[in-house]
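So the structure is just underneath, and the comments pick up after that.
The values are calculated or read from the model by the stated rules, or taken from the named source; none is laboratory data. Bear in mind the structure is a predicted one, so any value in this text is a computation, not a measurement. Glycine also receives a Cβ, built like all others from the backbone with ideal geometry; neighbour counts cover every protein chain displayed. Areas reflect the complete protein model, heavy atoms only, side chains present, ligands, DNA and RNA absent. Shrake-Rupley method; radii C 1.70, N 1.55, O 1.52, S 1.80 Å.
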Amino acid sequence: KVLELLPGKVAQLLDSGYSQKDIAVLVRKGSEGNMVAEKLLECGYDIISSDSLYIASSVAVQKVVNILREMDNPQSDSLRILRMFQSIPHAGDIKRYSLYQLCEAIIRETLSEDERKDIAFLQAFLDLVLDFTNNNGTNISQFIKWWEENGVKCTISAPDDMDAIRIMTIHKSKGLGFNV
């Protein structure tokens, strides 16, 4: 019920002269913050949240990681996977791609136009892939292991002075003041 009413309340506050950066939405736990973030993003609002925008929560990112898992699985149908990549003509060519290039190709070749609109999550994911490859190489198995242990905990970061609605847990809001 609250999620249904929230966009209307935000619109009302903005019409009253407040800016997005004046508004904070407090939640009890991160999972609630994630639902609020998704709803506000759906409605076109800008948001900042340190604990509710997990990169791994993006369906597009999940799809990329699942394709990487499938590629790393020795029992998978490699020809079926290869058919997803129109820009890679031969099976041997895929081995020449770095992990970062492979992720870019997965995004370009397998994600729908709607899924590619999840640009903030995809860009943050690619940044993580780049950091990983710079520090650990381009081994898919190692990346998947790192992703499951560390990557799933990473969130999208945004500058604090951005004109955006802030979403945070009640615990993290202690001592902070907000106009609305």
Name the residues in region 1-40 that are β-branched (V, I, T) and either more than 16 Å from I167 (Cβ to Cβ) or crowded, with 16+ Cβ neighbours inside 10 Å (or both), would you? V10, I23, V25, V27, V36
In region 104-116, is there at least one residue being within 15 Å of the chain's Cα centre (by Cα) and either modelled with pLDDT of 95 or more or among the hydrophobic types (A, V, I, L, M, F, W, C) (or both)? yes
Report, by residue number, each residue of region 150-180 that is surrounded by fewer than 16 Cβ atoms within 10 Å (Cβ to Cβ), closer than 24 Å to Q20 by Cβ and of a type in the set (A, V, I, L, M). M162, I170, L176, V180
Quick check: is even one residue across region 163-177 under 28 Å from E104 (Cα atoms) and under 17 Å from the mean Cα position of the chain (by Cα)? no
Of the residues in region 67-81, how many are open to solvent by 70 Å² or more (accessible area, probe 1.4 Å) and either within 12 Å of C103 (Cβ to Cβ) or at pLDDT below 85 (or both)? 6
Restricting region 100-119 to residues that are in contact (Cβ under 8 Å) with a residue 40 or more places away in the chain and open to solvent by less than 70 Å² (accessible area, probe 1.4 Å), the residue that is nearest to T155 (Cα to Cα): D118
Can you pull out every residue in region 120-149 that is under 23 Å from S31 (Cβ atoms), open to solvent by 30 Å² or more (accessible area, probe 1.4 Å) and at pLDDT 95 or above? E148, E149
Tell me, which residue of region 82-99 that is over 23 Å from K153 (Cα atoms) and surrounded by 15 or more Cβ atoms within 10 Å (Cβ to Cβ) is modelled with the lowest pLDDT? I88
